[in-house]
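Visitor: Here it is, the structure in full.
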Amino acid sequence: MTPDPLFDLTGKIALVTGGSRGLGLRMVRAFAERGADVIIASRKIEACEEAAEEVRNLGRRALAVAAHAGRWADMDRLVEAAYAEFGRVDILVNNAGMSPAVPSHEITEGLFDSVVNLNFKGPFCLASQVAKRMYDGDGGVIINISSSGALMPLPGAVPYSGAKAALNAMTVSFAREYGPKVRVNVLSPGPFLTDISKAWSEEAREHSNNALGRPGLPEEIVTAALFLASPASSFTTGAIIRVDGGQ
């Protein structure tokens, strides 16, 4: 694919957590199609390698890393692997996350910690380490994938909504702490027809309580991700970009 003039990522190095499926995989493909080499991280190495092979088939370099995005040590190891292979990271996407629907009074301490670790602690660890290296180098871009649940919290997902709200606050803080060389933004999706939607009812897959009246198609995340990853958003930092159909 010939890169779009506004979205040309030729020569850039992108790191995407949760990059082996869903919206993360869509971003991996979009970045590679526009010239970026990509580091793909998720828990299952087989899925990472499959995504990496897609990137290589586009003529780009790829690195697959098995890492749990909620574990501090795994994030440290991911940073070391990425910089050992490529020497730098220009685009970081903190995409990995989970949202179990459990009544609040039934949430255990272990589940609470798992949700907060994956949606806030791990992204904090990874973003802080990469942001410092970007700041000391030639700069870069960080995109934190949040959720409409952080802005309009729903019952049965309190730890998730709280962790994503913390991620939003972290984004604004990092934008100030590591600017002007590092731009840090939030991409806030609503309901999307990714793998997770297979567990939804037929009604939920066809209709949504938003202005557009439907869930998003996975490819509809791509332009927002490219905008935030590229120089097209050169005057955008500390922002929350909502891609939720008007929730």
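Where a number appears in this text, it was derived from the coordinates with a stated rule and is not lab data. Just so we're clear, the structure is a prediction, and the values are computed from it rather than from any experiment. Note that we place each Cβ from the backbone using ideal geometry, even for glycine, and neighbour counts take in every protein chain shown.
Visitor: Which angle from 0 to 90°, rounded to the nearest 10, does the C-alpha axis of helix 45-57 make with the longest principal axis of the chain?
Guide: Here the helix axis deviates by roughly 50 degrees.
Visitor: Given just the C-alpha atoms of segment 28-69, how large is their convex hull per residue in cubic angstrom? Before the final figure, lay out each step's value.
Guide: On the way: hull volume 2.0 nm³, N = 42.
For segment 28-69, the hull spanned by Cα atoms encloses 49 Å³ per residue.
Visitor: Could you work out the longest stretch of the chain that avoids the trypsin sites (Lys or Arg not before Pro) located in DSSP loops with at most 13 other Cβ atoms within 10 Å? Intermediate values should be presented prior to the final figure.
Guide: Working: sites that count: LYS44, LYS181.
In short, 45-180.
Visitor: Report the net charge of residues surrounding LYS12, where surrounding means a beta-carbon distance below 12 angstrom and charges are Lys +1, Arg +1, Asp -1, Glu -1. Numbers along the way, then the final one.
Guide: Working: positive: ARG34, ARG60, ARG61, ARG88; negative: ASP8, ASP37, ASP90, ASP138.
The answer is 0.
Visitor: Ignoring everything except DSSP H segments at least 4 long, calculate the 222 nm mean residue ellipticity for the chain; use -39,500 (n - 2.57) per segment, divide by total residues, nearest 500. Please report the intermediate quantities before stating the final value.
Guide: On the way: 9 runs with 101 residues, N = 247.
The per-residue figure over the chain is -12500 deg cm²/dmol.
Visitor: Looking at the chain as a GNM with Cα springs under 10 Å, which of PHE235, PHE86, PHE227 has the largest mean-square fluctuation?
Guide: Most flexible of the set in this elastic network: PHE235.
Visitor: Using amide H atoms built 1.01 Å from N in the peptide plane, name the residues 5+ places from VAL243, or on other chains, whose amide H lies under 5 Å from its own.
Guide: Amide H neighbours of VAL243, under 5 Å, 5+ apart: SER188, GLY190.
Visitor: I'd like the Karplus ³J(HN,Hα) series for segment 94-109: coefficients 6.51, -1.76, 1.60, θ = phi - 60°, whole numbers in Hz, and an x wherever there's a Gly or Pro.
Guide: These are the phi-based 3J(HN,Hα) values: 7, 9, 4, x, 8, 9, x, 8, 9, x, 4, 6, 9, 6, 8, 4 Hz.
Visitor: Determine the gain in length on full extension of the stretch ALA211-SER234; use 0.36 nm per residue of separation and subtract their C-alpha separation, reporting nm with one decimal. It would help to have the intermediate numbers written out before the result.
Guide: Numbers: separation 23, 0.36 × 23 = 8.28 nm, distance 2.88 nm.
Gain on stretching ALA211 to SER234: 5.4 nm.
Visitor: A further question on this structure: Using modelled amide H (1.01 Å from N, peptide plane; none on Pro or chain starts), what sits under 5 Å from the amide H of LEU92, excluding residues fewer than 5 places away?
Guide: LEU15, VAL141, ILE142, ILE143
Visitor: Taking θ as phi - 60°, what are the ³J(HN,Hα) couplings along segment 77-92 by the Karplus curve (6.51, -1.76, 1.60), each to the nearest whole Hz, with x for Gly and Pro?
Guide: Couplings: 5, 5, 4, 4, 5, 5, 6, 5, 7, 10, x, 6, 10, 9, 9, 10 Hz.
Visitor: Residue by residue through segment 123-136, which ³J(HN,Hα) values in whole Hz follow from phi under the Karplus form 6.51 cos²θ - 1.76 cosθ + 1.60 (θ = phi - 60°), with glycine and proline marked x?
Guide: Listing the rounded values in order: x, 4, 4, 5, 5, 5, 5, 6, 4, 5, 5, 4, 4, 6 Hz.
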